[in-house]
1. Please tell me if residue 278 is in contact with a Ser or Thr (Cβ under 8 Å, 6 or more places away or on another chain), within 16 Å of ligand 2 (Cβ to nearest atom) and of a type outside the set (Asp, Glu).
2. In this structure, does residue 68 turn out to be within 16 Å of ligand 2 (Cβ to nearest atom) and outside the structural domain of residue 155 (by TED's automatic domain parsing)?
3. I'm checking my understanding of the structure. Among residues of region 40-65 that are acidic (Asp, Glu) and closer than 18 Å to residue 386 by Cα, which one is nearest to ligand 2 (Cβ to nearest atom)?
4. For region 100-134, what are the residues that are of a type in the set (Val, Ile, Thr) and in contact with a Lys or Arg (Cβ under 7 Å, 6 or more places away or on another chain)?
5. Filter region 304-354 down to the residues that are more than 19 Å from residue 423 (Cα to Cα) and small (Gly, Ala, Ser) and list them by number.
6. Hey, does region 323-334 have a residue that's without any contact (Cβ under 8 Å) to a residue 60 or more places away in the chain, more than 30 Å from residue 450 (Cα to Cα) and not in a strand (DSSP E or B)?
7. Look through region 127-166, keep the residues that are among the hydroxyl-bearing types (Ser, Thr, Tyr) and more than 19 Å from the chain's Cα centre (by Cα), and return whichever of them is modelled with the highest pLDDT.
8. Under 9 Å between Cβ atoms, at least 6 apart or on separate chains: pull out the pairs that start in region 253-267 with a residue that is on the phi > 0 side of the Ramachandran plot and assigned to a strand (DSSP E or B) and end on any residue that is within 11 Å of ligand 2 (Cβ to nearest atom) and at pLDDT 85 or above.
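The values are calculated or read from the model by the stated rules, or taken from the named source; none is laboratory data. Since this is a predicted model, take the numbers as computed values, not measurements. Cβ sites come from the backbone with ideal geometry, for glycine too, and all protein chains shown count toward neighbours.
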Amino acid sequence: MRSIIRSMSSRAFHSFLRFAVRMAAVPPTASMRVVEGLMECPCCGHLVEIEEIAPGFVLACERCGQVLVRRRRTSPLATPAAFCISSAAIYLALLTSSLMTLDVYGRERRVSLFSGPLELIHEGWGEIGVLVALATVVLPGVVIACLGAILYAARRRSLPAWAPILLIWYERLRPWSMVEVYVLGVFVAYTKLVDMAHVDVDAGVYLVGALMVTMAATDSTLDTERIWQHRRLRDLPCGSITASSIRRGGLYPVGRLAACTSCGTLGEFQVEVPESAALGSCPRCASTIRNRKADSLSRTTALLITALICYLPANIMPVMTFNKIGQGGGHTILEGVVELWQGDMIPLALLVFFASIVVPVFKIVSLAVMVFTTWRGSAWALAGRSRLYRFVDIIGRWSMIDVFMISILVAVVRFNALANIEANGGVVCFAAVVVLTIFAAYTFDPRSMWDAAGQNGPERSRDLTRARQTLRLGPADGADGDGMETVSR
Ligand SMILES: [Zn+2]
Ligand SMILES: [Zn+2]
């Protein structure tokens, strides 16, 4: 027994030494050369050769369909700048206007963007108040200001040192600015209030709708790669190398390549890169380069289990209590849906049902399937699972509709004994499920599904050679959802 323990401990010690030597063998950035004209698909880890594409075209990964490069027909700086200025003006106007006015038996109450979070904090639901304030007041402003500064910096010949940091934070914070989800929350709250009292819709509602449109327009015209191109790879201190010069016999040195997840720069290292250890900072955007996200499977599993634990109380406990002249009681999420259905607002009932009940379950189940199949090393439906991952990543924030609706209702329906709506513990659990599943999707590395199935070995560059041969036959095929022609490689 003792000898087994001793042999195990000596094996563990040796593997630790090997790990330490491997870590020490990769000095930060110094051993890295930037590879020009080659990109790693962030969704499946496939290596794709990139060349200039014409405006209006997209370059999609041939394995998983992830859009890698998208060239807009619109002006790369002037068009997003115009939408960004409009967003800023609308946002400032929104801060000073009220959303709606409620009239109950001659007593009036106005509600603005701030009322919901402040009322929630006042009632002792500080965590939800802060979350709503961040998603609807603070982050939209921060995101617009960041983008304004980035576009201003991009007009210069060389990008100032602060611009890449802002651009990274813009991309990280953009999903947390939830104006478009808030619009639906306002809409659901309005239909619930109309039953109860006389409601006047104020300018704020139209401004929120307009802000949603201008921010979506900014996103769809913004070409971050064009902004990154201001930092020319050739001028970076670490030096650069072309894709063809590192290819040996049609094969790329897959084990020595790692891409920056923030700006997409691909680096060639002198030694084999470890699985997920930090490889130093990216020469273009200064964020930490890792071959794969750190502890992806264990972190995602932990977050999913926590979300699952919160899911039950989120659906069993009431999310809000409604009192009108001494009558009423607690409402769970499902009861809210039933109420909308019985009030003949069937489309809205379906919307809330899908956003609040179906989407969280769908996200938890989908991510659990992805984690399980990765853990098993399964090659089943890899392209489908990559598409599923992208879908799960997009839909997560739409579950916040109910939280926003409650924040508006508690702020506006405060007429003491006449009519009163209060938030309940269920809303904390529900918001926790939404936030935890968003983080679970963020920590999961979709490339690990392809790694586990053995698809990202040295063979992948051979695949690429084959893809290049087919590409020569016909460069453009079909059109994607945006009406843009797709070049699939
Ligand atoms: Zn791909
Ligand atoms: Zn980078």
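1. Spelling it out, residue 278 is indeed in contact with a Ser or Thr (Cβ under 8 Å, 6 or more places away or on another chain), within 16 Å of ligand 2 (Cβ to nearest atom) and of a type outside the set (Asp, Glu).
2. yes
3. Within region 40-65, the match that is nearest to ligand 2 (Cβ to nearest atom) is 40.
4. 101 - this is the single residue of region 100-134 that is of a type in the set (Val, Ile, Thr) and in contact with a Lys or Arg (Cβ under 7 Å, 6 or more places away or on another chain).
5. 307, 343, 349
6. Yes, there is a match, as at least one residue in region 323-334 is without any contact (Cβ under 8 Å) to a residue 60 or more places away in the chain, more than 30 Å from residue 450 (Cα to Cα) and not in a strand (DSSP E or B).
7. My answer is 152.
8. none
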